[in-house]
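What follows is a short report on a single structure.
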Amino acid sequence: MYNIIEKQVLNPQMTRLRVQAPLVAKKALAGQFVILRVNETGERVPFTIADYSREAGWIDIIYQTVGKTTMLMDTLQAGDAIADFAGPLGKPTELEGYQNAVVVGGGAGCAIAYPSAKALHAGGARVTMVAGFRSAELIMLENEMHAVSDELLIMTDDGSNGRPGFVTNALQALHESGARFDLCVAIGPIPMMRAVAELTRPWGLKTIVSLNPIMVDGTGMCGGCRVTVGGQVKFACVDGPDFDGHLVDFDELRGRNGAYRACEQEACRLFQSAKEERR
Ligand SMILES: Cc1cc2nc3c(=O)[nH]c(=O)nc-3n(C[C@H](O)[C@H](O)[C@H](O)COP(=O)(O)OP(=O)(O)OC[C@H]3O[C@@H](n4cnc5c(N)ncnc54)[C@H](O)[C@@H]3O)c2cc1C
Ligand code: FES
């Protein structure tokens, strides 16, 4: 069992859990993830390692409450335990040798982009971070992102905080003002990653995206996380989750991610009605 040592609600949709997992923390690197099961009958769900301490032996995961398992996670408190917590899985993001990077996070994707910004900053790169949220109440990790960026641009779709507009507006403005980067890391919803990749393509700017296909085993055996990159079949759990954004087949990814939507909605409905009955 893996003890939850801290729980923090970051905004109405996002929560951070700090989990005691010394063996995972010992080897964790930016870009990797864990697969957990809340209890013995729980489904296996992947979450990015948002932060870690090798010395204290903890891992932070930051999750968005979107369905049955994340609702179940919401019921856990500090002092409770998670049954399985396997990792670190996947390849670490390749972040060495860059001097001037722009890290773009969209909503929940900021939790996944933050460790890349932190690793780039620690490696001596100049980091510009662009973080986009739908509105002010959803802004999270502002202090953390600030601490690992030379420049932090907060964008909100409705202009209720920071600058109004999408992350692509900020990126375009940076380019027009003469900013030139040697790496772009873009993590967020599929349409956002695709839009960033299309913007940076004509600039010839290397753009890494982190893909979130359905995963089951996380070891390259089940094929659930199959994606197409540059016309080749890849398994995101072992070949990724990071890939060259200019080569990803985003249409296929979106289609495959929607394959179980009806089952997910039904599981969510059953979980909520069981919860109501217990009240
Ligand atoms: C490598 C990787 C890292 C991820 N990191 C994070 C993270 O740091 N924070 C975060 O909030 N989310 C992350 N996700 C997505 C997260 O795994 C899903 O949101 C979670 O599984 C939802 O489960 P649910 O039962 O609450 O929702 P469901 O109702 O089951 O599903 C809601 C959404 O989650 C997706 N999903 C469901 N099951 C899985 C699964 N087994 N694998 C992948 N996606 C699934 C579905 O496509 C759907 O869009 C990551 C996914 C991957 C592949
Ligand atoms: S999750 Fe099974 S092959 Fe990747």
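What the table shows:
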| quantity | calculated |
| --- | --- |
| Enumerated strands (runs of 3 or more DSSP E) restricted to segment 141-210, each holding at least 2 residues that are farther than 24 Å from ASN257 by Cα | 151-156, 183-187 |
| In segment 85-107, residue surrounded by the most Cβ atoms within 10 Å (Cβ to Cβ) [restricted to those that are part of a loop (DSSP other than H, G, I, E, B) and within 16 Å of ligand 2 (Cβ to nearest atom)] | GLY90 |
| Some residue of segment 124-135 being touching an Asp or Glu at 6+ places or on another chain (Cβ under 7 Å), touching a residue at least 40 places away in the same chain (Cβ under 8 Å) and either outside any helix (DSSP H, G or I) or closer than 19 Å to ASP242 by Cβ (or both) | yes |
| Condition met for ASP217 (more than 26 Å from ARG134 (Cβ to Cβ), touching a strand residue (DSSP E or B) at 6+ places or on another chain (Cβ under 6 Å), among the acidic types (Asp, Glu) and touching a residue at least 60 places away in the same chain (Cβ under 8 Å)) | no |
| Candidate set from segment 250-270 (those that are buried (at least 16 other Cβ atoms within 10 Å of the Cβ) and more than 9 Å from ligand 1 (Cβ to nearest atom)); member that is nearest to PRO88 (Cα to Cα) | LEU253 |
| Residue satisfying condition, being of a type in the set (Asp, Glu) and under 26 Å from ALA117 (Cα atoms), within set ASP242, ASP251 | ASP242 |
| Residue within segment 231-241 that is touching a helix residue (DSSP H, G or I) at 6+ places or on another chain (Cβ under 7 Å) and away from ligand 1 (no atom under 13 Å from the Cβ) present | no |
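For (1) within 16 Å of MET215 (Cα to Cα); (2) of a type in the set (Lys, Arg); (3) near ligand 1 (Cβ under 9 Å from one of its atoms); (4) touching a Phe, Trp or Tyr at 6+ places or on another chain (Cβ under 7 Å), each residue gets a yes or a no:
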| position | (1), (2), (3), (4) |
| --- | --- |
| GLN20 | no, no, no, yes |
| PHE33 | yes, no, yes, yes |
| GLY67 | yes, no, yes, no |
| ASP84 | yes, no, no, no |
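Throughout, read-outs are computed from the coordinates displayed, never taken from laboratory work. Note that the structure is predicted; figures quoted are calculated from it, not measured. We place every Cβ from the backbone using ideal geometry, glycine too, and count neighbours over all the protein chains shown.
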